[in-house]
Amino acid sequence: MTHPGGLGPEGQKELLDELASVLLASAPGNWELIVLEYKCIGRHVEIRVGVKDSNGQPISWEPPAEVDKIFWRLRVGMYREGHGTWFSSFFRMRQPGTYEVFYNWDNEPRWTADAESFAKEQELFPRSDERTPEWFRQRLAGS
């Protein structure tokens, strides 16, 4: 399978800026902080959202579907041959739209993924033995 990969820092920034724009356009009017945790294994995706107003009170809000698509493009683009790609990302944006992002390449997120998702992950984003975390190796053995 051919993997696009090759998304450098500039391409990553473009996608993150696009994500910030999508969030700014769809966020509730009185938001102060938006936190997104995107977790993906194979085709299994979980997105956790937290939004707070200027008083620190939680606001109920669902991000648009475009958020999932942008994170997926980041994940595919950041694939490195033999290294795989990241399993989860933590995106935090504050008013007026400044953001920071963190990627988890090695640690197992807390998720509800089924066994087939781990095999699909290895098919889509293969990792060499030395780049495969032990927890992932165990999950693959169980699929």
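Overview of results
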{"item": "Verdict on Pro96 being part of a loop (DSSP other than H, G, I, E, B) and surrounded by 15 or more Cβ atoms within 10 Å (Cβ to Cβ)", "result": "no"}
{"item": "Residue within the range 75-94 that is of a type in the set (Ser, Thr, Tyr) and over 25 Å from Leu15 (Cα atoms) present", "result": "no"}
{"item": "Scope the range 99-142; condition outside any helix (DSSP H, G or I) and hydrophobic (A, V, I, L, M, F, W, C); matching residues", "result": "Val101, Phe102, Trp105, Trp111, Ala113, Phe125"}
{"item": "Boolean, Glu37 is modelled with pLDDT of 95 or more, in contact with a Phe, Trp or Tyr (Cβ under 7 Å, 6 or more places away or on another chain) and assigned to a strand (DSSP E or B)", "result": "yes"}
{"item": "Lys39 being surrounded by fewer than 18 Cβ atoms within 10 Å (Cβ to Cβ) and not β-branched (Val, Ile, Thr)", "result": "no"}
{"item": "Tally of residues being touching a helix residue (DSSP H, G or I) at 6+ places or on another chain (Cβ under 6 Å), of a type in the set (A, V, I, L, M, F, W, C) and closer than 24 Å to Asp129 by Cα across the range 65-108", "result": "1"}
{"item": "Which numbered condition Leu74 misses (of (1) under 12 Å from the mean Cα position of the chain (by Cα); (2) surrounded by fewer than 15 Cβ atoms within 10 Å (Cβ to Cβ))", "result": "(2)"}
{"item": "Any hit, the range 64-80, residues being part of a loop (DSSP other than H, G, I, E, B) and farther than 22 Å from Arg127 by Cβ", "result": "yes"}
{"item": "Cross-chain or 6+ apart pairs with Cβ under 6 Å, the range 119-143 first and closer than 14 Å to Asp106 by Cβ, then part of a helix (DSSP H, G or I)", "result": "Arg139/Phe118"}
{"item": "Residue satisfying condition, being within 27 Å of Asp106 (Cβ to Cβ), part of a loop (DSSP other than H, G, I, E, B) and not basic (Lys, Arg), within set Gly29, Gly5, Gly11", "result": "Gly5"}
{"item": "Subset tally (residues that are free of Cβ contacts under 8 Å to residues at least 40 places away in the same chain and within 28 Å of Ser117 (Cβ to Cβ)) for the range 27-55", "result": "6"}
{"item": "Test: Trp61 is surrounded by 15 or more Cβ atoms within 10 Å (Cβ to Cβ), among the aromatic types (Phe, Trp, Tyr), in contact (Cβ under 8 Å) with a residue 12 or more places away in the chain and in a loop (DSSP other than H, G, I, E, B)", "result": "no"}
{"item": "Failed condition for Ser21, given (1) exposed (fewer than 14 other Cβ atoms within 10 Å of the Cβ); (2) part of a loop (DSSP other than H, G, I, E, B)", "result": "(2)"}
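The values are calculated or read from the model by the stated rules, or taken from the named source; none is laboratory data. Here the structure is a predicted model, which means the values were calculated and not measured. Using ideal geometry, Cβ is built from the backbone for each residue, glycine included, and neighbour counts are taken over all protein chains shown.
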